[in-house]
């Protein structure tokens with residue numbers, strides 16, 4: 001019978017019970033502090049608050065090296081910026097070249113200047129970046145999964161050679177245009193149109209995309225539109241900053257993701273050459289495939305954010321406890 005459980009939140013000694021053995025707790029009406037545990041065999045284990053799931057010991061040496069390298073960069077370079085960036089709702093354009101130099105952009109893809117890490121490796125990158133801030137992770141994820149990704153998966157060899165190396169190196173910034181004011185992220189309700197002009201061999205894109213990460217600072221845009229040349233099916237196009245009819249106003253006053261930049265992609269008959277059509281994507285499969293790729297980084301990022309919350313909550317609790325002891 002256990003009458004007292006001692007908790008140490010730094011490295012917590014707790015009992016672990018054999019799976020399948022019935023636990024029967026009965027609380028005495030005279031004392032709620034005693035618990036009777038029947039038919040139990042226990043042994044000690046430890047809880048590491050910095051690795052709650054015991055993840056690190058399951059990683060390969062290469063994955064652990066990537067995790068540590070990314071963690072060190074994020075803590076040394078991103079963390080000191082984040083409070084100012086959040087308060088001022090400002091995006092530091094140096095972040096993208098830094099990430100490119102570290103090999104974090106386009107990391108899960110092979111060739112074209114990309115690192116070619118495993119899916120777990122890319123998840124570890126997203127985890128460490130969002131451990132600092134969701135805005136930074138969003139910036140990185142859009143560049144990787146939603147810009148480099150569709151060009152890599154759906155683009156021609158010429159498109160891959162032209163765009164991916166500079167995007168992976170952080171020399172250019174990308175944005176992904178799917179969400180619309182009247183359709184949200186439902187591609188089937190998309191209003192943006194691509195009208196084929198046979199005389200100029202170009203598509204004329206008209207429509208508005210909104211809540212687009214990186215929009216106002218991007219050099220390259222992967223935009224989805226319903227193409228009349230393809231029977232109204234959804235097709236992907238690569239646009240570039242400076243093209244006539246393309247505007248990217250910034251959205252201000254966000255409550256979150258303030259360290260990243262968000263805006264619109266407004267298109268008024270933007271002429272897109274035929275060679276900038278993504279040839280290997282058609283219909284809903286194109287944008288949905290991109291979104292599915294992005295979910296991996298988002299989920300790993302959420303893990304990093306949760307771990308950061310645990311870390312800072314623990315630090316605050318220990319500081320408060322120390323202060324209370326000093327005042328007693």
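Summary of values
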{"item": "Test: residue in the stretch 132-152 that is out of contact with any helix residue (DSSP H, G or I) (no Cβ under 9 Å at 6 or more places or on another chain) and surrounded by 15 or more Cβ atoms within 10 Å (Cβ to Cβ)", "result": "no"}
{"item": "Of the criteria (1) modelled with pLDDT of 95 or more; (2) out of contact with any strand residue (DSSP E or B) (no Cβ under 7 Å at 6 or more places or on another chain); (3) more than 24 Å from residue 103 (Cα to Cα), which one residue 173 fails", "result": "(3)"}
{"item": "Selected residue (only one of 274, 282 is over 24 Å from residue 96 (Cα atoms) and modelled with pLDDT under 95)", "result": "282"}
{"item": "Residue selected from the stretch 89-113 under the condition without any contact (Cβ under 8 Å) to a residue 60 or more places away in the chain and surrounded by fewer than 16 Cβ atoms within 10 Å (Cβ to Cβ), by the criterion farthest from the chain's Cα centre (by Cα)", "result": "111"}
{"item": "Qualifying residue in the stretch 232-253 (condition: more than 30 Å from residue 160 (Cβ to Cβ), in contact (Cβ under 8 Å) with a residue 40 or more places away in the chain and loosely packed, with under 14 Cβ neighbours inside 10 Å)", "result": "yes"}
{"item": "Candidate set: the stretch 161-208, residues that are under 18 Å from residue 263 (Cβ atoms) and in contact with a helix residue (DSSP H, G or I) (Cβ under 6 Å, 6 or more places away or on another chain); chosen: the one surrounded by the fewest Cβ atoms within 10 Å (Cβ to Cβ)", "result": "183"}
{"item": "In the stretch 41-78, the residues that are in a helix (DSSP H, G or I) and either surrounded by 14 or more Cβ atoms within 10 Å (Cβ to Cβ) or touching a strand residue (DSSP E or B) at 6+ places or on another chain (Cβ under 8 Å) (or both)", "result": "56, 63, 64, 66, 67, 69, 70, 71, 73, 74, 77, 78"}
{"item": "Odd one out for residue 282, checked against (1) assigned to a loop (DSSP other than H, G, I, E, B); (2) closer than 15 Å to residue 205 by Cβ", "result": "(2)"}
{"item": "Flag if residue 207 is assigned to a strand (DSSP E or B) and closer than 23 Å to residue 269 by Cβ", "result": "yes"}
{"item": "Listing of helices (runs of 4 or more DSSP H) fully contained in the stretch 120-193 that carry 1 or more residues being within 11 Å of the chain's Cα centre (by Cα)", "result": "134-141"}
{"item": "Failed condition for residue 252, given (1) part of a strand (DSSP E or B); (2) farther than 23 Å from residue 289 by Cβ", "result": "(1)"}
{"item": "Which listed residue is outside any helix (DSSP H, G or I) and either in contact with a helix residue (DSSP H, G or I) (Cβ under 6 Å, 6 or more places away or on another chain) or at pLDDT 95 or above (or both), from 294, 308, 266", "result": "266"}
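The values are calculated or read from the model by the stated rules, or taken from the named source; none is laboratory data. This structure is a prediction, so every number in the text was calculated from the model and none was measured. Glycine gets a Cβ as well: all are built from the backbone with ideal geometry, and neighbour counts include every protein chain shown.
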